[in-house]
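Submitted below is the structure of interest, expressed as C-alpha cells.
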C-alpha cells in the first residue's frame, strides 16, 4: 500500500485511541485545566505556538507546488489557511484572563498539527494531481459540483458558529467579574460545547468539499478529540450549575443539537 495511505491509517487508529482515552482522562486545558499535566505557559502563547505550525506547513507545501496557482487548489489553500490565520494569529489575542496551558498539551498539539498540515497539503498539492480521478475532478467544473457547494456551505456555517460561540464565551463576564456562568445564546441554547460543534461542521465541510481521504481522516480526528471533551464539559457544567442546568436540560445536549 502507498505510504501516504499507511500514514492516514495510522492517524485514524490514533484517533480511536484518543477518542476512548478522553472518556476516561480529561485533556487538561481550557475549562478542564489541571495541575496534574505539569508545567504550563501563558494561554495566548500556547494557542499561537500550537496552531501556527499547521498554517506554516500548509503554506510551505502550497508554495513549493506546481499547481499552486490553479484555481481549485488555490481555493482549497485559502479556505484552509483562513481558518488557521484566525486560530493562530487572531483568536489567541482575543482571549481574556490569565489562563495557562500545560506544555505537554501544547507539544502534543504541535505534533498533530505538523502531521495534519503535511497530510492535507501533500494530498492536495502533490498526491491528488497524480490521481486520475482528481486530475479530472479538481478543475473549474469542481466549483459547480454538489460536493464542493455543500462542503463550502458547511465549512462557512461551521466557521460562523465556532467564532460566534467563542465570542459568547469571551463575553460571559463583565470586567472585574470573577464568577463563572453557564453559556447561553446562539448554539449554546442547544449544546454546551457550541464552539466544538462549529469546528466539527467546518472540517466535515472540508472533507466533503475536497472529497478526500485526508479530509475525512482530519474530520474523524477532530471528532475523536472534541466529542469526549464536550462530554467532560457537559458533566462539569451539570455539577457547577446544577439548578440552571436542570432547568435547561431537556433540550441541552453535549455537542450535536437534539442528538448528543
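Values quoted throughout were computed directly from the atomic coordinates according to the rules given, and no laboratory measurement underlies them. Since we're looking at a predicted model, the values are computed, not measured.
Tell me what the chain gives for mean residue ellipticity at 222 nm when only DSSP H runs of n ≥ 4 count, each as -39,500 (n - 2.57), the sum divided by the residue total, rounded to 500 deg cm²/dmol.
Value at 222 nm, helices only: -20500 deg cm²/dmol.
Same structure again: Which angle between 0 and 90 degrees, to the nearest 10, do you get for helix 146-170 versus the longest principal axis of the chain when only C-alpha atoms count?
The angle comes out near 30 degrees.
Along the principal axes of its C-alpha atoms, what lengths does region 3-248 span, in descending order and rounded to whole Å?
Extents along the principal axes, in whole Å: 58, 36, 32.
Against the longest alpha carbon principal axis of the chain, how many degrees, from 0 to 90 and to the nearest 10, is the axis of helix 194-210 turned?
Helix 194-210 sits at roughly 10 degrees to that axis.
Where the Cα atoms of region 88-197 are projected onto their three principal axes, how long is each span, largest first, in whole Å?
On the principal axes, region 88-197 reaches 59, 33, 21 Å in Cα extent.
Helix 103-122 versus the longest principal axis of the chain: what is the Cα-based angle in degrees, 0 to 90, to the nearest 10?
The angle comes out near 30 degrees.
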